[in-house]
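The values are calculated or read from the model by the stated rules, or taken from the named source; none is laboratory data. Just so we're clear, the structure is a prediction, and the values are computed from it rather than from any experiment. Backbone-built Cβ (ideal geometry, glycine too); neighbour counts: all protein chains shown. We work out accessible area using only protein heavy atoms, side chains counted, and drop any ligands, DNA or RNA first. Shrake-Rupley method; radii C 1.70, N 1.55, O 1.52, S 1.80 Å.
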Amino acid sequence: MTISDKEYFDARFEGVDAKFQAIDAKFDTLHAYIDAKFDQQRAELHAMIAQTVKWVAAVSASSLVIFITVVAFLFNVTTPKAALPTAAALPAPTPVVIVVPGSGGEPVKVLPR
């Protein structure tokens with residue numbers, strides 16, 4: 001191989017290297033574009049997830065409140081109310097007997113009020 005052949009191949013490879021560098025620059029630009037798009041999609045996805053979680057929590061809480069309200073209403077409306085007893089229907093109070101030990105006396109009877 002002579003010097004002229006080496007110079008010939010070096011010149012040819014410099015042209016190929018320049019084309020590879022141009023392609024590499026295009027790939028870098030494409031890579032940056034794709035990364036930007038993925039970051040944008042990732043941000044939109046996180047926003048949608050946050051909004052979905054917010055809606056699910058709100059619907060669950062409101063459903064629980066509505067369920068408890070309906071059940072409480074049904075229990076209050078459907079259960080029969082017991083009539084309050086009158087004074088004549090109540091039994092007579094029994095007297096309370098207090099015995100104090102060692103007093104030697106008769107037990108004292110105390111009526112409730």
Let a ≥ b ≥ c be the square roots of the eigenvalues of the Cα gyration tensor of region 12-57; is it rounded (a/c under 1.5), or, if not, prolate (a/b larger than b/c) or oblate? prolate
Tell me, in nm to one decimal, what length is gained between Thr29 and Val59 on full extension, where the rule is 0.36 nm per residue of separation less the Cα-Cα distance? 6.3 nm
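Sorting Arg42, Arg12 by accessible area (1.4 Å probe), largest first, what list results?
From most exposed to least exposed: Arg12, Arg42.
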Cross-link partners among lysines for Lys37, C-alpha distance below 22 Å, same-chain residues fewer than 8 apart left out? Lys26
Could you tell me which of rounded, prolate or oblate describes region 20-87, using a ≥ b ≥ c as the square roots of the eigenvalues of the alpha-carbon gyration tensor, with rounded for a/c under 1.5 and, failing that, prolate when a/b is larger than b/c and oblate otherwise? prolate
Report the gain in length on full extension from Glu14 to Thr86: 0.36 nm times residue separation, minus Cα-Cα distance, nm rounded to one decimal. 14.6 nm
Between Thr79 and Met48, how many nm apart are label points set 7 Å from Cα along the C-beta direction? 4.8
Scalar couplings 3J(HN,Hα) for region 45-50 by Karplus 6.51 cos²θ - 1.76 cosθ + 1.60 (θ = phi - 60°), nearest whole Hz, x for Gly and Pro, are 5, 5, 5, 5, 5, 4
